[in-house]
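Scroll down for the structure; my scribbles are underneath it.
The values are calculated or read from the model by the stated rules, or taken from the named source; none is laboratory data. Source: prediction; values computed, not measured. Methodologically, a virtual Cβ is constructed for each residue, glycine included, from the backbone with ideal geometry; neighbour enumeration extends over all protein chains shown.
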Amino acid sequence: MIRKCLFPAAGYGTRFLPATKAMPKEMLPILTKPLIQYGIEEALQAGMQNVAIVTGRGKRAIEDHFDTNYELEHLIDGTSKEAYLQEIRYLIEHCTFSYTRQIEMRGLGHAILTGEVLIGDEPFGVILADDLCSSDPDGVMRQMVKIYEKYRCSIVAIERVAPEETHKYGVIAGDEIEEGVFRVTDMIEKPSPEEAPSNLAIIGRYILTPDIFTILEKTPAGSGGEIQITDALLQQAKEGNVIAYEFKGDRYDCGSIDGFVAATNAFYQLQKSGE
Ligand code: G1P
């Protein structure tokens, strides 16, 4: 049983300036819900009720969001507006939230290592909230837990991308051992189309075994001068201990304006068709 899910949320969100000047990018809403709330709902659906968030300066709004606002509760108590708070109340009741701060931004691998204090010595999920996933009935993390239960090693979610897009992702090479499931043999962070070992790109969903922390401690800075989770995972992959899973569903890169708008439109259509 995987109980914990880590949310690296210390990044600046410069692509969304000025909106992210005083507001965490994880709090940008798709319709009425902040991005990170979608991620936490996905984690909870997968049984991960202990939410661990790596924050940084200027991220206090995240902590306030996952807490009770007594004044607001009092104001809308007994009114029709209470329905708006139903989903967030559910999360607050069913999850625990713990936080630690990343003092320096030294990459995703470093952010995950910073979260070790909240995770300890057990396997855990990682969700990058700006990769918004929608899939029914099982969310991507729940699908990945099923794969973990079978293979008991680190799992990365992957998606096929166009060759000219590989430079935005970690890209894997692997042997397909069952439909959509690959035993990873190689992985490269942000390769050019010429360097890319395939077009199977890692998206922001991971299940990691805790030995990843010791590997991360020894992982030197890689692509972009940052400590990369992809480089640490390659060490596990060399021992045959990483599975890449082609998830079922849709993913929107809400760290880009195009992806954010596409997600907004898709979720709006879904909401309209459900009314
Ligand atoms: C990170 C990872 C990359 C992965 C991507 C998924 O990159 O380093 O391997 O493919 O997330 O969104 P970032 O988007 O933070 O540059």
>> Which numbered condition in (1) in a loop (DSSP other than H, G, I, E, B); (2) among the aliphatic types (A, V, I, L, M); (3) closer than 15 Å to Gly107 by Cβ is the only one that Ala232 fails?
In response: (1)
> So which residues in the range 204-225 are within 12 Å of the ligand (Cβ to nearest atom) and at pLDDT below 95?
Replying inline: Gly222, Ser223, Gly224
> Out of curiosity, is Gly240 touching a Lys or Arg at 6+ places or on another chain (Cβ under 8 Å), in contact (Cβ under 8 Å) with a residue 24 or more places away in the chain, outside any helix (DSSP H, G or I) and surrounded by fewer than 22 Cβ atoms within 10 Å (Cβ to Cβ)?
Replying inline: yes
> Which pairs do you get when a residue that is in a strand (DSSP E or B), found in the range 157-171, comes within reach of a residue that is of a type in the set (Lys, Arg) and more than 8 Å from the ligand (Cβ to nearest atom), reach meaning Cβ atoms under 8 angstrom, with the pair 6+ apart or on two chains?
Replying inline: Ala157/Arg205; Glu159/Arg251
> Out of all the residues in the range 213-225, is one or more among the aromatic types (Phe, Trp, Tyr) and either part of a strand (DSSP E or B) or under 30 Å from Asn265 (Cα atoms) (or both)?
Replying inline: no
>> Suppose we keep only residues that are within 8 Å of the ligand (Cβ to nearest atom) and more than 11 Å from Ile172 (Cβ to Cβ) within the range 190-203. Which one would you say is farthest from the chain's Cα centre (by Cα)?
In response: Lys190
> Within the set of pairs 6 or more residues apart or between chains, which connect a residue that is at positive phi inside the range 105-133 to a residue that is within 11 Å of the ligand (Cβ to nearest atom) with Cβ atoms less than 9 Å apart?
Replying inline: Gly107/Gly222; Gly107/Ser223; Gly107/Gly224; Gly107/Glu226; Gly107/Ile227; Gly107/Gln228; Gly107/Ile229
> Which condition number does Thr185 fail, the rest of (1) more than 13 Å from the ligand (Cβ to nearest atom); (2) touching a helix residue (DSSP H, G or I) at 6+ places or on another chain (Cβ under 6 Å); (3) of a type in the set (Val, Ile, Thr) being met?
Replying inline: (2)
> Restricting attention to the range 66-103, which residues are farther than 16 Å from Thr32 by Cα, charged (D, E, K, R) and in contact with a Ser or Thr (Cβ under 9 Å, 6 or more places away or on another chain)?
Replying inline: Arg101
> Are any of the residues in the range 11-22 in a helix (DSSP H, G or I), under 19 Å from Ala111 (Cα atoms) and more than 14 Å from the chain's Cα centre (by Cα)?
Replying inline: yes
